[in-house]
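Shown next, in structure tokens, is the structure this report addresses.
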Amino acid sequence: MNIYLLVVLSIIVVEYSISVVVDFLNIKAIKTTLPAEFSGIYNPKLYEISQKYLKENTYFEIVKESIFFVFTIIFIIFGGFNLVDKFARSFGYNEIITGLIFFISLGIIAQVMVFPFEIYQTFIIEQKYGFNKTTFKIFILDHIKIWILLISIGSIILSIIIWFFINIKSAWLYCLIVVTIFELFLLFIAPVVFLPLFNKFIPIEDGPLKNEIENFLNAQNFSIKGIFKIDASRRSTKTNAFFVGFGRFKKIALYDTLIKKHTIEELVSILAHEIGHYKKKHFLNGIIISILTNGFMFFLLSFVINNKKLFRAFGMQNISVYASLVFFAFLYRPINFFISIVCNFISRRNEYEADKFAVKEYKKPAAFVAALKKLAMDNFSNLTPHPLKVFFDYTHPPILKRIKHIQDYSKKFFVAENIV
């Protein structure tokens, strides 16, 4: 057997096995008894429903992963990539255009596979548990918009990468520079051009909420372009808040569902946490990490471009730069797996830092804890995830650990500041 084929299949099998085992352990970690921290706040019957939601979602993900696992193995072994490549080459275009046809064709196959699962997830599971508010029309229009954006933006990036690896030595470095510039550009343009395609950004009306937010922003000398409410309730009852943009172009976005369910102090506590990420330079650090990992990825890619043995592993009749990108992605998966573990660990640490910032600067820990509890309840968050699930997949610490961390820090901080 081709050594590359053996390696690729082993990677797929190991990755799938780890994912399924962790998911089953997470299901076993489900507790039917409501944690004491939520006693009197979380209705026990509602908590029981949330556990059923967690189970059903997890089993659904396992089924989906299993089907994709089997399909991927069959697609590789029986020369699926070669059939797609022959189709792409049949139009007789140059390697860049042929590569785009190749990628779009693979994307269509993947979308055909995943689309029924997305429909079931949205209109069966989410509907069953009262989350879904989207119509089938909005659902389809969202997917069309996403595909248009992916094809238009992705085609530009892919064309540049393919051209570099065909024509330039040390192409990996030029690819890194272009991708970095493009990612930074998207940080500025996305809030203005892309996000309004999906949601309406409505300026928060004058009143107590806007005043409280602006007072806190002024106290932090934190400049933004505006405070907006978005019509998330058109699609879901779930709640959230986030910043978009970069530098002076930052915007605060609050789900209308969030505003409806939280007090002013709770909302400002949530925003104080998000501001903490900026103040602690977490976003800047994230950009630096992205540049470093992208550079490492492109550097490794340069060693497997047009590797004949790798192409034989996938049953390919022709060698090309564009197919090299796809096949390298399989080899890179274990590296990306370990990188994601490290990045998730850093992200969880950053969340603790941002929590401390919110407590220290806004000085309303009770409101912050209440906000986190409501977020957990409203979104049916898993209150007792298995440690391995947290280790592999969680970008945020489990909610109970965050609450304890906030409460412990609050006691120390307020005593040190002679506030209590």
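The values are calculated or read from the model by the stated rules, or taken from the named source; none is laboratory data. Keep in mind that what you see is a predicted model, and the values were worked out from it rather than measured. In this analysis, Cβ positions are derived from the backbone assuming ideal geometry, glycine residues included, and neighbour counts consider all displayed protein chains.
Structure data summary
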item	result
Which listed residue is closer than 28 Å to residue 406 by Cα, touching a helix residue (DSSP H, G or I) at 6+ places or on another chain (Cβ under 7 Å) and of a type in the set (Val, Ile, Thr), from 12, 49, 30	30
Failed criterion for residue 195 (all others in (1) surrounded by 15 or more Cβ atoms within 10 Å (Cβ to Cβ); (2) at pLDDT 90 or above; (3) part of a helix (DSSP H, G or I) hold)	(2)
Options 340, 320: the member that is surrounded by fewer than 18 Cβ atoms within 10 Å (Cβ to Cβ) and either among the polar types (S, T, N, Q) or in contact with an Asp or Glu (Cβ under 6 Å, 6 or more places away or on another chain) (or both)	340
Those residues of the range 203-213 which are surrounded by fewer than 14 Cβ atoms within 10 Å (Cβ to Cβ) and without any contact (Cβ under 8 Å) to a residue 40 or more places away in the chain, in sequence order	203, 205, 206, 207, 211
Any hit, the range 255-275, residues being closer than 23 Å to residue 348 by Cβ, within 20 Å of the chain's Cα centre (by Cα) and of a type in the set (Gly, Ala, Ser)	no
Hey, residue 305 crowded, with 17+ Cβ neighbours inside 10 Å and aliphatic (A, V, I, L, M) or not	yes
Residue in the range 334-353 that is farther than 25 Å from residue 282 by Cα, in contact with a helix residue (DSSP H, G or I) (Cβ under 7 Å, 6 or more places away or on another chain) and not in a loop (DSSP other than H, G, I, E, B) present	yes
Selection count where residues are without any contact (Cβ under 8 Å) to a residue 60 or more places away in the chain and of a type outside the set (A, V, I, L, M, F, W, C), scope the range 311-343	3
Boolean, residue 30 is under 28 Å from the mean Cα position of the chain (by Cα) and not in a helix (DSSP H, G or I)	yes
Residue 369 vs. criteria in contact with a Pro (Cβ under 9 Å, 6 or more places away or on another chain), β-branched (Val, Ile, Thr), in contact (Cβ under 8 Å) with a residue 24 or more places away in the chain and assigned to a helix (DSSP H, G or I)	no
Any hit, the range 46-59, residues being surrounded by fewer than 16 Cβ atoms within 10 Å (Cβ to Cβ), within 22 Å of residue 28 (Cα to Cα), of a type outside the set (D, E, K, R) and more than 24 Å from the chain's Cα centre (by Cα)	yes
Matching residues, the range 277-328, being among the β-branched types (Val, Ile, Thr) and in contact with a Lys or Arg (Cβ under 9 Å, 6 or more places away or on another chain)	319
Enumeration of residues in the range 228-248 that are modelled with pLDDT under 85 and either over 22 Å from the mean Cα position of the chain (by Cα) or buried (at least 18 other Cβ atoms within 10 Å of the Cβ) (or both)	241, 244, 245, 248
Unique residue being touching a helix residue (DSSP H, G or I) at 6+ places or on another chain (Cβ under 9 Å), of a type in the set (A, V, I, L, M) and at pLDDT 90 or above when the list is 181, 168, 204	168
Residue count for the range 94-113, restricted to those that are assigned to a helix (DSSP H, G or I) and either closer than 16 Å to residue 235 by Cβ or free of Cβ contacts under 8 Å to residues at least 24 places away in the same chain (or both)	6
Looking only at the range 133-192, and only at residues there that are surrounded by 14 or more Cβ atoms within 10 Å (Cβ to Cβ) and among the polar types (S, T, N, Q), the one that is nearest to residue 320 (Cα to Cα)	159
Pair list, Cβ under 7 Å, 6 or more apart: the range 383-406 residue farther than 11 Å from residue 369 by Cα, other residue of a type in the set (D, E, K, R)	384/31; 394/348; 395/348; 396/348; 396/351; 397/348; 397/351
Any hit, the range 73-89, residues being part of a helix (DSSP H, G or I), out of contact with any Ser or Thr (no Cβ under 6 Å at 6 or more places or on another chain) and closer than 30 Å to residue 399 by Cα	no
Residue match in the range 104-122 (condition: over 28 Å from residue 22 (Cβ atoms), at pLDDT 95 or above, surrounded by 14 or more Cβ atoms within 10 Å (Cβ to Cβ) and in contact with a Lys or Arg (Cβ under 9 Å, 6 or more places away or on another chain))	no
Index of the failed condition, residue 216 passing every other in (1) free of Cβ contacts under 8 Å to residues at least 40 places away in the same chain; (2) part of a helix (DSSP H, G or I); (3) under 29 Å from residue 372 (Cβ atoms)	(1)
